[in-house]
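The values are calculated or read from the model by the stated rules, or taken from the named source; none is laboratory data. Quantities reported herein were computed from a predicted structural model and do not represent experimental measurements. Positions of Cβ are backbone-derived with ideal geometry, glycine not excepted, and every protein chain shown enters the neighbour counts. These accessible areas exclude ligands, DNA and RNA; they are computed on the full protein's heavy atoms, side chains included. Shrake-Rupley method; radii C 1.70, N 1.55, O 1.52, S 1.80 Å.
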Amino acid sequence: MRFRSMAAALLGALTTTLAAHAQTKWDLPAAYPANNFHTENLAQFAADVDKATGGKLKIQVHANASLFKANEIKRAVQGGQAQIGEVLLANFANEAPIYALDGIPFLASSYAEAKLLYDAQRPVLDKQLGTQGMKLLFSVPWPPQGIYTKKLINSVADMRGIKWRAYSPATAKIAELIGAQPVTIQAAELSQALATGVVESYMSSGSTGYDSKTYEHIKNWYDTQAWLPKNAVLVNKKAFDALDKPTQDAVLKAAADAELRGWKISQEKNDWYKNALTEKGMTIHRPHAKLKADLKQVGDIMLADWEKTAGAENVAVVQAYKKAQAAMPAPKN
Ligand code: PCA
């Protein structure tokens, strides 16, 4: 081979190698089905990053707990087995008090309140995750939580002894306080648990009732609007720091867009899910005043318990939130 063509061949090979090296692939484990609005939002986030980086950073979303179980995703991101992942913050209430605020009934029960709570939580969340080598990219709420139940209920006394599915420490605690029998089951296993009859009731959004086809087994949903737990997308700090600056900026921009889009879609789909459940034969009930008052009392007990051990920094988060809540314009009726 003549020198020039050999040099060209070498250069060609080198360029290919460099291009291959320049492409980074991230796995993004998620715990909810591919057609859930959270997961669709993740897919859009990944597509936005791909586009903005010209294909330099490819993020593959693994839906429905197919790569890691819901409760394993956080540790996988922390340990670098996954570079990025989506978790339900409320699931980690036993790790740090800041996460518990995502599960207390009637602390924040509308989208506007949930946003104020998130704003108040954010600095402590960032700090907490930072100490574990992670970074919060964005967070999106589930629609408000209501009660799925086979039997009709007017108060929490009507739920005594009922078989209750919990997804978090807080939903297990509610069961304990109302005298129900909790069993913790993540969303990916919920359909099966419903089919085998181990679940007679649970609290969640219209979204999860729809995804799990709860309407095939349970016919009532009480729209208590008790709280809005948040999913959060976390990235391993080392993986993030290894990206070049323009790629980091692209990730941050796509994350900010995903957060805004996610809050909007969650709110829009809240009504959509309720209609869909009705169409599938479910009755959506307005909760009896006694049921709401009882649940509010449950929330008050949970918050008071939490305050006993949460520590000054976390208690200040609730104080800041309550101050912002009090300053909120009154809702129009
Ligand atoms: N769906 C998830 C968490 C909160 C929600 O609305 C679930 O039930 O597992």
Sort VAL235, VAL61 by accessible area with a 1.4 Å probe, largest first.
VAL61, VAL235
From the Cα gyration tensor of region 196-333, with a ≥ b ≥ c the square roots of its eigenvalues, which class applies: rounded if a/c is under 1.5, or else prolate if a/b is larger than b/c, or else oblate?
oblate
Considering the chain as a Gaussian network with a 10 Å cut-off on Cα pairs, which listed residue, LEU42, LEU129, LEU88, attains the greatest mean-square fluctuation?
LEU129
By DSSP, what percent of the beta bridges with both residues in the chain are antiparallel, rounded to the nearest 5?
55
How much solvent-accessible surface does ARG261 expose, in Å² to the nearest 10, with a 1.4 Å probe and all protein chains in place?
60
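Using only Cα atoms, what Kirkwood radius does the chain have, in angstroms?
For the chain, the Kirkwood estimate is 21.2 Å.
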Listed residues ASP241, ASP158, ASP294, most fluctuating in the chain (Gaussian network, C-alpha, under 10 Å)
ASP241
Rounded to one decimal in nm, the spacing of the 7 Å Cα→Cβ label points at ASN35 and LYS151 is 3.4
What pairs from LYS56/LYS245; LYS74/LYS135; LYS74/LYS308; LYS290/LYS322; LYS51/LYS135 go past 19 Å between their alpha carbons?
LYS74/LYS308; LYS290/LYS322; LYS51/LYS135
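Carbon and sulfur: what percent of the chain's accessible surface (1.4 Å probe)?
C and S atoms contribute 55 percent here.
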So for TYR215, TYR210, what's the accessible-area order with a 1.4 Å probe, most first?
TYR210, TYR215
Rounded accessible area per residue of the chain, 1.4 Å, Å²:
47
Debye log10 I(q)/I(0) for region 110-247, one point scatterer per Cα, at q = 0.17, 0.19, 0.21 Å⁻¹
-0.95, -1.08, -1.21
Tabulate in residue order the Karplus-calculated ³J(HN,Hα) for region 149-155, using 6.51 cos²θ - 1.76 cosθ + 1.60 with θ = phi - 60°, rounded to whole Hz; enter x for Gly and Pro.
8, 5, 9, 7, 9, 10, 7
Gaussian network model of the chain, Cα springs within a sub-10 Å range: biggest mean-square fluctuation belongs to which of THR247, THR283, THR196?
THR196
Everything considered on the Cα gyration tensor (a ≥ b ≥ c; rounded for a/c under 1.5, else prolate if a/b is larger than b/c, else oblate), region 31-90 must be described as oblate
